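Asker: Take this structure first; my questions come after.
The values are calculated or read from the model by the stated rules, or taken from the named source; none is laboratory data. The model shown is predicted, which means the values in this text are computed figures rather than measured ones. Every residue, glycine among them, receives a Cβ derived from its backbone with ideal geometry; neighbour counts consider all protein chains shown.
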Amino acid sequence: MRWTVLFVLVLGLTGIACASTGKEDDSANSTGTTNTADSTTAPTKSPSSPPANLVLAAIDDLANRLDVQRSAVRLIQAVDATWPDGGLGCSPPGTTFATGPIAGYLIVLNHGDRGYDYHSNRDGPAFLCPTEDKDGGYQLIPPPGFDT
């Protein structure tokens, strides 16, 4: 089972890296949901992927938060991101962080009909960047051909 999950994860990361070479519309993320954040919090994406152990840790964290099996959490997207500041695109209004671009990662996970965004820098663990919803997620509108 562990090798199956790892194989699926690696296969998914490979597909994401290949698929993310096209130009993306900044007003919508890859899950089809509108990005309501202004341009100061949206990451710039590059075509490579975060390390598998970082993605697996995010999957484990979400499974623990939701009290579900790890296999119930699906990877939607895992990409390099350049965040606008030390808040890594997830800073509460009125807070200040180190300025300047910060290299990191964006990991988008799914459980049921909900999406969950995990952010990180290059050195630290990924953390859930919560929405105001109780579970920290959002209504996921899957891209064409993706079955939740």
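Asker: I'm checking my understanding of the structure. Among residues of segment 95-129 that are assigned to a loop (DSSP other than H, G, I, E, B) and in contact (Cβ under 8 Å) with a residue 24 or more places away in the chain, which one is surrounded by the most Cβ atoms within 10 Å (Cβ to Cβ)?
Answerer: Taking segment 95-129 first, the residues assigned to a loop (DSSP other than H, G, I, E, B) are 95-98, 112-113, 122-126, 129.
Pick out the ones that are also in contact (Cβ under 8 Å) with a residue 24 or more places away in the chain and you get 112-113, 125-126, 129.
On the way: GLY112: 14, ASP113: 12, PRO125: 12, ALA126: 25, CYS129: 20.
For segment 95-129, the residue satisfying everything is ALA126.
Asker: Something else about it: For segment 60-72, does any single residue satisfy the condition of being at pLDDT below 85 and either of a type in the set (Phe, Trp, Tyr) or surrounded by 16 or more Cβ atoms within 10 Å (Cβ to Cβ) (or both)?
Answerer: Checking segment 60-72: not a single residue is at pLDDT below 85 and either of a type in the set (Phe, Trp, Tyr) or surrounded by 16 or more Cβ atoms within 10 Å (Cβ to Cβ) (or both).
Asker: Continuing with the same structure: Regarding ASP85, is this residue within 23 Å of GLN139 (Cβ to Cβ) and among the acidic types (Asp, Glu)?
Answerer: Numbers: within 23 Å of GLN139 (Cβ to Cβ): no; among the acidic types (Asp, Glu): yes.
Against the criterion (within 23 Å of GLN139 (Cβ to Cβ) and among the acidic types (Asp, Glu)), ASP85 does not qualify.
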